[in-house]
Amino acid sequence: MRRLALSLSLVTLPVSGVTQEATRTADTPAAASAAAATPLSAGAAAIKGHVMFLASDAMRGREAGSAEFDIAAQYVASQFFAAGLKPGGDAAAGARSYLQQVPLVAYKPAGKGTMSIAHAGGTPQPLVHGVDYVPSADPRAKETAVTAPVVFVGYGIVAPAYGRDDYRGVDVRGKIVAFVSGSPAKMTGEERAWLGSATTKARFAAERGAIGTITLQTPRAENQRAFAQLVEASTHTRMTWANPDGTGNVEAGSIPNLATLSVAGAAKLFAGARTPWAKVARAADKPDAVFVAEQLPATLAAATQTSFAPARSSNVVGVLPGSDPVLSKEVVVLSAHLDHVGVSGKGTDTIHNGALDNAIGIASLIEEAKRFQKEGAPKRTIVFLAVTAEEKGLIGSDYFANHPTMPLQSIVADVNLDMPILTYRFEDMVAFGGDRSTLGPIIRRVVEGAGFALSPDPMPDEGIFVRSDHFRFVQKGVPSVFLWPGQKGPGKAAVEHFMSTNYHKPGDDLSQPIEWEQGVRFVDVNYRIAREIADSVARPVWNKGDYFGTLFKGPMAE
């Protein structure tokens, strides 16, 4: 699963080449003895077998762009073939492959850039890199230079459902907008996470004619993460999918996020402003701050440089054609990400194996394909999609959503499998986003019919609905859901332990007390949900008035 900090999802460059390092034995002798005493069912053994390969040290964390990821992708392709799926990837010479090639580009700031402020037509005063500002890399260009007046727009959010328009009363055409980080606490966690990202805020600014954005660090934000940490993090490499000219993909009409200003840098920007920075900073420390937008008496000049390094990876696409002459033209996507975060850190164990995140999700996807093949094709076509570069920012799923290997309008739903934590016997399930569309009643019916409770989001402030691959389908208007084992009984403690101890750490390996038989239960419920969606007469639609369904113009219920 992708980390929560959407606008600061910084990663290291992929490591190429297959290592000769010997793999460690994940299971202890005691665990092996216990397993021998209690043999696994065939389904549990199959799940464990997939994870043993995908999360082995030989795969070195399956980082997107690495040779090891390519091996993992070939493994998944072979499993799709064995399950009877047809290849649904790229077509060449009249034949399709199971692989969809995803061109990638790694990018980061090249140098410190320059930034200066001129007040009321005065002499420009340079800001100090690492003290006043840290530049942002621009995935679209090697060099970016912008000089324009600055308008402060509070959080920089437009949310009519909450009666909020932070641009009210100001004209930002041809100007740079400055906004504080974060979003109001009164919004739901999912909507707050979406609206609070720098990418979403840049979209609002671009729609109103601005030519660049800067983020203002608040005292609360600097207390949570020192500005020096942002400066260090800015030197790390980010990744996106590449355009034909080698630059990184951005939304059409978007504008560059030029830099982040520290509290000290923001104070310099606000010199002579109608509202002093000290007042803005105090307001920003409140959970539901309200700001008054205003033109600042400042012109900002920013120049940044970005370096690029090409890379490549692939999604794996398998297709089970539907059985109904009409409904088979519609597609239900079952997705899971294949990549993890690779190798990093110090110490004796530097490999981030990604057993639960997300080798077990891929294992579940493979076993669902086998179940569908065994029990017969449903009415709608099923596409099994193992995507790359989720950990880099949902990149593989974004590439597929923008370059689908079947007509985009044929995709009616996505069911996503990401990081099911299966170290306990789960008693309930959670469907992130299930209550937003007509997928919800189907999920409830299946989950309760299987003997589980369907629980509400146990971590609403985490905004999990916007953090995994299904959200790229949501952005195309497709009703989507992300399924997890719930946190009743032993679940809460198990999830908290994993998130604090093993999430995105080398400890997410096969030494964890994974309960493989729980994987069988998880696969069974996911299979039943997917089959009912694929067999239903009615196409899934968003609930009327749903925030994301409305925002992305998806099909709505009457």
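Odds and ends about this structure:
- Pairing residues of region 106-133 that are free of Cβ contacts under 8 Å to residues at least 60 places away in the same chain with residues that are in a strand (DSSP E or B) and hydroxyl-bearing (Ser, Thr, Tyr), at Cβ distances under 6 Å and at least 6 apart in sequence or on separate chains, gives 126/116.
- Being closer than 25 Å to residue 245 by Cβ, at pLDDT 95 or above and among the aliphatic types (A, V, I, L, M) is a property that does not hold for residue 134.
- Candidate set from region 215-233 (those that are in a loop (DSSP other than H, G, I, E, B) and either of a type in the set (D, E, K, R) or modelled with pLDDT under 90 (or both)); member that is surrounded by the most Cβ atoms within 10 Å (Cβ to Cβ): 218
- The residues in region 412-421 that are hydrophobic (A, V, I, L, M, F, W, C) and in contact with a Phe, Trp or Tyr (Cβ under 7 Å, 6 or more places away or on another chain) can be counted, and the count is 1.
- Strands (runs of 3 or more DSSP E) within region 235-353 that include 3 or more residues of a type in the set (Ser, Thr, Tyr) and either closer than 30 Å to residue 409 by Cβ or touching a Phe, Trp or Tyr at 6+ places or on another chain (Cβ under 7 Å) (or both): 294-320
- Any hit, region 235-250, residues being of a type in the set (A, V, I, L, M), surrounded by fewer than 22 Cβ atoms within 10 Å (Cβ to Cβ) and in contact (Cβ under 8 Å) with a residue 40 or more places away in the chain: yes
- The helices (runs of 4 or more DSSP H) falling completely within region 1-96 that include 1 or more residues that are modelled with pLDDT of 95 or more and closer than 21 Å to residue 391 by Cβ map to 42-54, 67-82.
- Look at (1) within 24 Å of residue 386 (Cα to Cα); (2) of a type outside the set (S, T, N, Q); (3) touching a Phe, Trp or Tyr at 6+ places or on another chain (Cβ under 9 Å); (4) surrounded by 21 or more Cβ atoms within 10 Å (Cβ to Cβ) and you find that residue 549 fails only one, number (1).
- Of all residues in region 105-124, those being among the hydroxyl-bearing types (Ser, Thr, Tyr) and in contact with a Gly (Cβ under 8 Å, 6 or more places away or on another chain) number 1.
- Cβ separations smaller than 7 Å between residues 6+ apart or across chains give the following pairs from region 180-204 residues that are over 17 Å from residue 464 (Cβ atoms) to residues that are of a type in the set (Ser, Thr, Tyr) and at pLDDT 90 or above: 180/155; 181/215; 182/155; 184/155; 198/215; 201/213; 202/213.
- Only residues that are in contact with a strand residue (DSSP E or B) (Cβ under 7 Å, 6 or more places away or on another chain) and part of a helix (DSSP H, G or I) were counted across region 149-204, and they come to 5.
- Pairs with Cβ under 6 Å, 6+ apart, first in region 437-453 and over 23 Å from residue 425 (Cβ atoms), second assigned to a helix (DSSP H, G or I) and among the acidic types (Asp, Glu): 442/532
- Filter result for residue 460 (closer than 29 Å to residue 48 by Cα, of a type outside the set (D, E, K, R) and within 21 Å of the chain's Cα centre (by Cα)): no
- Sole exception among (1) among the charged types (D, E, K, R); (2) over 23 Å from the mean Cα position of the chain (by Cα); (3) crowded, with 22+ Cβ neighbours inside 10 Å for residue 508, by number: (2)
- Residues of region 496-543 that turn out to be among the aliphatic types (A, V, I, L, M) and closer than 27 Å to residue 58 by Cα, as a count: 5
- Residue 83 vs. criteria closer than 23 Å to residue 342 by Cβ, touching a residue at least 24 places away in the same chain (Cβ under 8 Å) and among the hydrophobic types (A, V, I, L, M, F, W, C): no
- Candidates 296, 334, 338: the one that is at pLDDT 95 or above and under 30 Å from residue 118 (Cα atoms) is 296.
- All conditions but one from (1) among the charged types (D, E, K, R); (2) assigned to a loop (DSSP other than H, G, I, E, B); (3) touching a residue at least 40 places away in the same chain (Cβ under 8 Å) apply to residue 461; the one that does not is (2).
- Breaking point among (1) of a type outside the set (D, E, K, R); (2) in contact with an Asp or Glu (Cβ under 6 Å, 6 or more places away or on another chain); (3) buried (at least 19 other Cβ atoms within 10 Å of the Cβ), for residue 452: (3)
- Residue check, residue 384 in a strand (DSSP E or B), farther than 14 Å from residue 1 by Cα and more than 15 Å from the chain's Cα centre (by Cα): yes
The values are calculated or read from the model by the stated rules, or taken from the named source; none is laboratory data. Since this is a predicted model, take the numbers as computed values, not measurements. Cβ coordinates were reconstructed from backbone atoms using ideal geometry, including for glycine residues, and neighbour counts include every protein chain displayed.
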